[in-house]
Amino acid sequence: MARRPSMKSVETKYYEERQQLFDQLRGLDRRSFLKVSAAAMGAALTQGIQFTPHSFQPVQVAYAEEAEAFRFAYISDSHLYDRKVNERFVRSLLRAVDDVNRMDPAPDFVLYGGDLAQLGKPEELDLGAQILQNLKVPVRMMVGEHDWFLDMGEKWRALFGEPTYSFDHKGVHCVVLLSVLEDDFWTVRGMTPMERMQTVAGLDNGIQSRFKVGEEQREWLQKDLASLADNTPLIIFSHSPLYKYYRAWNFWTEDADEVQALLQRFKNVVVVHGHTHQLLTNRIGNIYFHGMLSTAWPWPYAPEGLPELTIQMSRPDPFNPNDGCGDGACRVYTDGLADKVYNLWNRNPVQVTRTYMVSNGKQGLPAMPNLISF
Amino acid sequence: MQDDVRCQRTLAKPWVSTRFIFLRFFSFLLFLQILLVVYTFFFFCPIPTLAAENELHGALAMDQQLARIEQLLLAQDVTKPPPHIDLAIWAAIVPNDNTLTAERIALGRKLYFDTRLSKDGTVACATCHDVSRGFTDQRSVSEGIRGQLGQRNAPTTLNALLMQTMFLDGRAPTLEEQAKLPILNPIEMGQASPEDTVKVIADDPEYQQMFQQAYRRVPNYDDLARAIAAFERTLVFLDAPFDRFVAGDATAISVDAQKGWALFNGRGRCMTCHPLNPSNPLGTDNRFHNVGVSARKQNFDELATQALKVLAKEDSVEAIDRMALETQFSELGRFLVSKNQADIGAFKTLQLRNIAITPPYMHDGSMQTLWDVMDHYNRGGEANSFLDGGIEPLALTEEEINQLVALMFTLTDTRFAEANQQQMERQRQVAQERRPFREEALAFRRILPFEQRVTGHENVTTGDQAKKAAAEGEKIVEQEKHDQQQGKNLENRPEGQETK
């Protein structure tokens with residue numbers, strides 16, 4: 001399948017593809033149209049049988065020649081306001097908690113991917129912390145820029161501890177980074193904490209700087225990894241993608257190259273990141289990148305820079321507030337690679353397997369969403 | 001046992017006392033005998049003599065329904081699109097193999113009102129889609145042969161031609177396909193097979209002639225369904241006071257209803273799922289939403305897991321049909337059809353046209369008035385994992401609720417103006433007595449349905465009242481079942497009974 005040209009705008013692609021669809025439909029009389037619909041319905045039913053909707057674990061695990069080490073669930077980017085201001089986001093996070101609690105078998109832990117709060121307010125973070133207490137499995141917390149820039153992490157630290165840490169789980173070394181640091185753009189402008197927060201929360205503004213892991217943390221990471229053998233399975237959690245996807249929206253980490261350099265010597269590294277609110281897959285040599293879904297809203301794909309391996313989710317339905325949102329899980333293998341499950345709330349789950357990643361998309365192609373992407 | 005022991009002890013007492021006891025004992029036996037005779041008499045006696053023959057399962061007698069439909073349907077050239085419906089849309093919704101002809105409609109009308117199509121000859125389409133009851137049965141859930149009750153409320157056949165899918169979970173794509181299922185469902189019309197159904201009418205010379213004229217074939221099941229669909233495509237009822245208002249007549253609807261229209265498109269958020277405009281004359285998005293009605297009754301997670309196992313074995317349309325009508329899985333709604341977790345507890349957005357004359361409301365008929373429906377949405381539905389993302393507390397005041405209800409009473413076709421007026425009075429009276437779903441603290445976000453989970457505090461309970469109401473709804477179903485067994489005519493039931 002030919003990849004789309006990368007420089008067309010979202011609108012251009014939308015109109016082109018809509019035109020294409022109508023051109024195709026024009027040739028159909030009613031009977032053939034019904035046949036097409038019936039075929040689509042049949043296909044959907046076939047897919048439907050292959051998974052258990054309540055555990056969102058595909059029943060058939062293909063290509064699993066490697067032994068499974070463990071699985072973890074993820075919830076990310078809930079962007080909570082005070083619950084009286086926005087009730088839907090609260091409900092969405094509760095739904096994700098229910099999803100994880102329903103998983104069978106239960107995951108070893110849940111990774112929370114950052115942006116628990118919308119504007120870093122204490123009541124927002126408290127609300128999130130309280131909701132996450134409903135989880136039956138342990139939670140590993142990661143920080144996002146929306147949690148951080150009101151009080152520079154004071155409240156978050158008080159609730160969840162240090163934002164940068166590592167732990168070993170069943171032979172896999174896991175590292176959680178604070179990847180959303182920014183250069184000081186606020187002091188010189190005399191901004192209040194809330195102005196600073198709102199600037200960071202915005203897209204497409206030239207005021208804030210780009211996200212970075214920063215020198216201090218990179219030194220810490222180097223030390224943390226120093227004692228590990230090259231074939232140690234490694235999972236890095238970061239809020240922003242640890243590569244350069246789209247600068248204007250800060251789908252970006254400024255010192256990604258430097259961080260990747262530290263990971264170069266390892267055989268397999270999996271990076272799981274939040275922030276982008278979409279199905280997103282990338283591979284740079286030995287490093288395999290997976291995005292996480294948001295529980296609050298989906299982002300469209302950036303107009304350029306989308307990694308080739310990405311299984312694109314089609315445009316979310318604007319009339320369904322849950323479409324394009326969700327949570328998910330990772331099945332981690334002993335060699336350090338992982339299957340990534342995107343549990344979309346309004347669609348069938350999509351599974352990006354290790355086979356797909358290792359073969360650079362030549363094998364194990366997941367079932368594509370049945371709508372066109374743009 | 002205890003009574004026996006006590007009795008023996010009494011017998012051990014002196015003679016006078018014992019004779020006394022014997023006397024009482026025999027008189028009691030006599031009393032029992034009399035009761036038995038009376039009950040036997042009432043059991044075998046055809047009490048509702050005329051009513052039973054004419055008004056089976058609570059429906060108006062078929063000959064009377066036929067007389068009414070003659071008056072309701074306007075004389076017009078059936079081969080042309082009805083007024084209110086654009087030629088292009090008409091062409092799209094009428095299948096090529098079932099274009100409307102007078103012969104097909106006549107055959108369909110005969111079939112629609114023919115109780116012979118059911119196994120025991122008591123149920124026709126018109127039993128649950130009764131001309132005199134807004135083309136529904138105005139009961140919580142429908143009643144089929146032998147008084148069996150299903151799980152779902154009968155949607156109206158009025159304007160059904162414009163729906164994109166049929167049934168509350170959209171399990172049939174066309175009117176033709178829809179018509180085939182209730183006939184074969186064991187608790188609706190109960191025929192064992194299409195062949196059995198055709199056999200009932202195949203020898204009737206009148207039917208033979210009508211099938212020949214309509215489809216140039218001998219009677220068969222596909223043409224039978226086509227004919228019923230053809231007749232249903234004549235049930236266009238889109239001429240309401242609301243339409244005159246939209247067309248520019250500012251006096252066509254009350255000031256309250258006009259304010260309701262503003263709320264409908266604004267703070268009420270109604271038009272998100274009930275788009276009501278020239279392109280969507282019915283006021284439905286034809287989609288499926290979990291608005292939480294099921295959540296008052298069932299544990300979705302458990303049910304869905306079980307349902308999937310059953311469906312993995314058998315997932316024919318007929319199997320889904322039976323699950324939907326006969327089992328507790330009914331509450332899973334669209335999920336039974338799509339097996340998509342987003343559809344758990346989701347039901348089709350129903351049309352708003354003629355909504356006033358089709359109570360009770362929701363997929364299980366658990367709401368008696370339009371005020372109840374407004375109360376349900378005002379409090380943000382009922383919390384559950386799969387609640388539609390668009391459902392939120394609306395913070396509507398009583399006055400605003402009245403205005404929205406007033407708007408809904410302007411959507412009834414003028415041919416039902418009288419029934420509309422009666423319903424308005426009846427529903428207003430019921431709503432004055434009880435508003436079981438009203439919960440202002442939730443509507444105005446003074447409490448939130450998930451408060452307990454997000455604060456960790458016990459004792460924050462909400463929604464109890466509505467759950468109780470749902471349970472009472474079930475009681476009403478029980479009551480109806482009971483009434484049916486007693487052979488009572490539902491119409492004769494005192495008005496207050498439902499609201500007990």
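The values are calculated or read from the model by the stated rules, or taken from the named source; none is laboratory data. Fair warning: this is a prediction, and the values are worked out from it, not measured in the lab. When we count neighbours, we look across all protein chains shown, and the Cβ atoms used for this are built from the backbone with ideal geometry, even at glycine.
Could you check region B:332-346 and list, in sequence order, the residues that are assigned to a helix (DSSP H, G or I) and within 19 Å of B:Leu181 (Cβ to Cβ)?
Across region B:332-346, the qualifying residues are B:Leu332, B:Phe335, B:Leu336, B:Val337, B:Ser338.
Among the residues that make up region B:170-182, is at least one of them within 14 Å of chain A (Cβ to nearest Cβ) and farther than 28 Å from B:Gly345 by Cβ?
Yes, region B:170-182 contains at least one residue that is within 14 Å of chain A (Cβ to nearest Cβ) and farther than 28 Å from B:Gly345 by Cβ.
Just name the residue that is nearest to B:Gln351 (Cα to Cα) out of those in region B:380-415 that are in contact (Cβ under 8 Å) with a residue 60 or more places away in the chain, among the β-branched types (Val, Ile, Thr) and assigned to a helix (DSSP H, G or I).
Only one residue fits best here, namely B:Val405.
Would you pick out the residues in region B:385-402 that are more than 20 Å from B:Asp285 (Cβ to Cβ) and within 9 Å of another protein chain (Cβ to nearest Cβ)?
B:Ser385, B:Pro393
Anything in region A:289-338 that is outside any loop (DSSP other than H, G, I, E, B) and out of contact with any Phe, Trp or Tyr (no Cβ under 6 Å at 6 or more places or on another chain)? List them, or say none.
A:Phe289, A:His290, A:Gly291, A:Asp327, A:Ala329, A:Arg331, A:Tyr333, A:Ala338
Might you check whether a residue that is farther than 23 Å from B:Met163 by Cα, at pLDDT 90 or above and part of a helix (DSSP H, G or I) occurs anywhere in region B:349-358?
Among the residues of region B:349-358, not one is farther than 23 Å from B:Met163 by Cα, at pLDDT 90 or above and part of a helix (DSSP H, G or I), which makes the answer no.
Tally up the residues in region A:93-108 that are acidic (Asp, Glu), assigned to a loop (DSSP other than H, G, I, E, B) and within 13 Å of chain B (Cβ to nearest Cβ), please.
1
Answer yes or no: is there a residue in region A:349-370 that is within 11 Å of another protein chain (Cβ to nearest Cβ) and either at negative phi or under 18 Å from the mean Cα position of the chain (by Cα) (or both).
yes
As an exercise: evaluate B:Val198 against (1) out of contact with any Phe, Trp or Tyr (no Cβ under 6 Å at 6 or more places or on another chain); (2) at negative phi and give the number of the one condition it does not meet.
For B:Val198, the failing item is (1).
Residues to consider are B:Ala225, B:Ala252; find the one that is away from chain A (no Cβ under 14 Å), closer than 25 Å to B:Ile93 by Cβ and at pLDDT 95 or above.
Only one candidate qualifies: B:Ala225.
For A:Leu80, are the conditions met, namely being within 13 Å of another protein chain (Cβ to nearest Cβ) and either of a type in the set (S, T, N, Q) or surrounded by 22 or more Cβ atoms within 10 Å (Cβ to Cβ) (or both)?
In short, yes.
Do you know which residues across region B:269-307 are away from chain A (no Cβ under 12 Å), in contact with a helix residue (DSSP H, G or I) (Cβ under 6 Å, 6 or more places away or on another chain), under 24 Å from B:Leu411 (Cβ atoms) and not in a helix (DSSP H, G or I)?
B:Leu282
Considering region A:75-92 alone, what residues qualify as being assigned to a helix (DSSP H, G or I) and either without any contact (Cβ under 8 Å) to a residue 60 or more places away in the chain or β-branched (Val, Ile, Thr) (or both)?
Correct list: A:Glu87, A:Val90, A:Arg91.
Residue-by-condition table, conditions (1) among the aliphatic types (A, V, I, L, M); (2) within 27 Å of A:Val100 (Cα to Cα):
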site: A:Tyr245; (1), (2): no, no
site: A:Trp252; (1), (2): no, no
site: A:Val272; (1), (2): yes, yes
site: A:His275; (1), (2): no, yes
site: A:Asn286; (1), (2): no, no
site: A:Trp299; (1), (2): no, yes
site: A:Thr310; (1), (2): no, yes
site: A:Arg315; (1), (2): no, yes
site: A:Thr334; (1), (2): no, yes
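Just to be sure before I move on: is B:Thr157 in contact with a strand residue (DSSP E or B) (Cβ under 9 Å, 6 or more places away or on another chain), of a type in the set (Val, Ile, Thr) and crowded, with 21+ Cβ neighbours inside 10 Å in the structure I sent?
The answer is yes for B:Thr157.
Find all pairs meeting these conditions: Cβ atoms under 9 angstrom apart; at least six residues apart or on different chains; first residue within region A:111-140 and more than 14 Å from chain B (Cβ to nearest Cβ) and closer than 19 Å to A:Asp327 by Cα; second residue assigned to a strand (DSSP E or B) and of a type in the set (D, E, K, R).
Matching pairs, first to second residue: A:Leu111/A:Arg140; A:Tyr112/A:Arg140.
Just to be sure I understand, how many residues within region A:208-251 are in a helix (DSSP H, G or I), closer than 17 Å to A:Val175 by Cα and not polar (S, T, N, Q)?
Final tally of qualifying residues: 10.
Only one of these conditions is not met by B:Thr157: (1) β-branched (Val, Ile, Thr); (2) in a helix (DSSP H, G or I); (3) touching a Phe, Trp or Tyr at 6+ places or on another chain (Cβ under 6 Å). Which number is it?
Of everything listed in (1) β-branched (Val, Ile, Thr); (2) in a helix (DSSP H, G or I); (3) touching a Phe, Trp or Tyr at 6+ places or on another chain (Cβ under 6 Å), B:Thr157 misses just condition (2).
crowded, with 19+ Cβ neighbours inside 10 Å and either farther than 27 Å from B:Pro219 by Cα or touching a strand residue (DSSP E or B) at 6+ places or on another chain (Cβ under 9 Å) (or both): does that describe B:Ser118?
So B:Ser118 does not fit the description; no.
Which of the residues spanning region B:221-265 are of a type in the set (Val, Ile, Thr), part of a helix (DSSP H, G or I) and under 23 Å from B:Leu162 (Cβ atoms)?
Across region B:221-265, the qualifying residues are B:Ile228, B:Val246.
Do the conditions hold for A:Asn282, that is, is it in contact with a Phe, Trp or Tyr (Cβ under 9 Å, 6 or more places away or on another chain), assigned by TED's automatic domain parsing to the domain that holds A:Val85 and either without any contact (Cβ under 8 Å) to a residue 40 or more places away in the chain or not in a loop (DSSP other than H, G, I, E, B) (or both)?
yes
Suppose we filter A:Val213, A:Val270, A:Val259 for residues that are buried (at least 20 other Cβ atoms within 10 Å of the Cβ), of a type in the set (A, V, I, L, M), over 26 Å from A:Glu154 (Cβ atoms) and in contact (Cβ under 8 Å) with a residue 40 or more places away in the chain; which single one remains?
A:Val270
Might you let me know whether region B:344-356 holds any residue that is within 14 Å of chain A (Cβ to nearest Cβ) and hydroxyl-bearing (Ser, Thr, Tyr)?
Yes, there is a match, as at least one residue in region B:344-356 is within 14 Å of chain A (Cβ to nearest Cβ) and hydroxyl-bearing (Ser, Thr, Tyr).
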